[in-house]
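Derivation of every value follows stated rules applied to the coordinates shown; laboratory data play no part. Since the model is a prediction, treat every value here as computed from it, not as a measurement. FYI the Cβ positions are ideal-geometry reconstructions off the backbone, even for glycines, and counts take in every protein chain you see.
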Amino acid sequence: MKAVVLKAFGGAENLVLADLPDPRPQAGEVLVEVKAAGVGHVDVMSRRGEFGGSPGSVPGLEVAGVVVATGENVDDAWVGRRVYAMLDQTGGGYAELVAADVEAVVALPDQVGEAEAVALGFNALTAWTSLERAGVRKADKVLVRGAGGGVGLMATLLGIHLGAAVTAVTSSALRGERLAALGASTVVNRLADAQAYEEYDIIIDPVGGPEFDRFLEKLAPNGRYVLCGGAAGFPTPDFGSTLLGRFPASPTLLMLSLSSISRAELRARMEKLLELVAGRTVASLIDETFPLAAAAHAHEKLESGAAFGKIVLVP
């Protein structure tokens, strides 16, 4: 099979197309013929040597495709079914074939394409769980950082679906226009509108980084802040001082990693999200598709910050 291999830790140029032996499904696994593979910031971190992965490995943590074989103790009825599959931290998704634990596989509705499924994927699971943990209610004022990115975009769309008044923070006027067209109540250009913020019941933050403290200060009394990613890196080490300084307002800081959630729960949440997309209640947005051979270009686009929606590899 063709697969993208990480030649060495470092830049995107280290992602190279190679011929590898076809994988065989082990007990409890299905073999998926990949039709779409998601490209995410975790893949970039893995490529740099910051999160899992190793030279010689195949990146990619989520795929959608067709089951072509099963291992022992797996119902043969899976063969021929279109599925979305969540892979473990060893990856393997940037390939024509991948073996996946059947407990991490979800059947796709007929109305949802494979690229749509991975565009939903981990981004939507993170956004949905963050909003749920924050206890979002109708008419809550919700601020979403990095709203033009993968998790932020899905948090914006799902927040709107749940009836919240969503303020979308982005760094591009064009993306701001698109977010407004999708239903964001307010759009803030973080590069031009530094004073445009109010106080918010909930802040969903997949960005983190050195501006984390500044956004903590935007919580309303009894507000909830969910840190669910680190696209801009870790917060400064003294962020706790800002949080304690807000003590009279009783803020709540939550941190979310999908690795803390069981596969059964993730599977159930993904089934619900797929239902929403199948019913066209929530959109699944794809920025651009690339062939496997252009995986390096896909990473470069993701790192440039120019994507609006999910970048997808199509073998």
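Please check the chain for the longest run free of chymotrypsin sites (Phe, Trp or Tyr not before Pro) that are loop-located per DSSP (anything but H, G, I, E, B) and have at most 14 other Cβ atoms within 10 Å. Between exposed loop sites, the widest span is 52-315.
Applied to segment 42-58, the Karplus parametrisation 6.51 cos²θ - 1.76 cosθ + 1.60 on θ = phi - 60° returns per-residue 3J(HN,Hα) values of 5, 5, 5, 4, 5, 4, 7, x, 9, 7, x, x, 6, x, x, 7, 9 Hz, with x for Gly and Pro. Averaging the sequence gap over all C-alpha pairs within less than 8 Å and six or more residues apart, then dividing by the number of residues, gives segment 179-315 a relative contact order of 16 percent. Entry note, the chain: the mean residue ellipticity at 222 nm calculated from DSSP H runs of n ≥ 4, each adding -39500 (n - 2.57), is -8500 deg cm²/dmol after division by the residues and rounding to the nearest 500.
Compared with the dominant Cα axis of the chain, that is its longest principal axis, helix 295-304 is turned about 0°.
When +1 charges are put on Lys and Arg Cβ atoms and -1 charges on Asp and Glu Cβ atoms, the dipole computed for segment 122-258 relative to its Cα centre reaches about 240 debye.
Placing a label point 7 Å from the Cα of Gln111 along the Cα-to-Cβ line, the residues of segment 263-286 whose backbone N sits under 17 Å from it are 270-285. Note on Ser185/Asn14: beta-carbon distance plugged into 1/(1 + (r/R0)^6) with R0 of 51 Å gives a FRET efficiency of 0.75. Based on alpha-carbon atoms, the Kirkwood radius and the radius of gyration of segment 122-258 give Rg/Rh equal to 0.93.
Estimated from the Cβ-Cβ distance and a Förster radius of 25 angstrom, the FRET efficiency linking Leu174 and Gln89 is about 0.15. You can think of it this way: the chain between Glu198 and Glu33 has 54.6 nm of extra reach, that is 0.36 nm per residue less the Cα-Cα gap. Loop-located trypsin sites (Lys or Arg not before Pro) in segment 187-286 (DSSP state not H, G, I, E or B) with no more than 10 neighbouring Cβ atoms inside 10 Å: Arg280. Centre-to-centre separation between the Cα atoms of segment 168-200 and those of segment 99-165: 19 Å. Taking GluC sites (Glu not before Pro) across segment 60-105, the ones in a DSSP loop with at most 11 further Cβ atoms lying within 10 angstrom of their Cβ are Glu72.
Under the definition of Cα pairs under 8 Å and six or more residues apart, what whole-number percent is the relative contact order of the chain?
On the way: 747 pairs, mean separation 60.1, N = 315.
Worked out over the chain, it gives 19 percent.
The stretch between Glu72 and Glu275, if pulled fully straight at 0.36 nm per residue, gains 70.1 nm over its current Cα-Cα span.
At 0.36 nm per residue, and after removing the present C-alpha to C-alpha distance, how many nm does the segment from Arg214 to Ser257 gain when stretched out fully? List each step's numbers first, then the result.
Details: separation 43, 0.36 × 43 = 15.48 nm, distance 2.21 nm.
Stretched fully, the Arg214-Ser257 segment lengthens by 13.3 nm.
Legend: Rg and Dmax of the chain, from Cα coordinates, 19.6, 60 Å.
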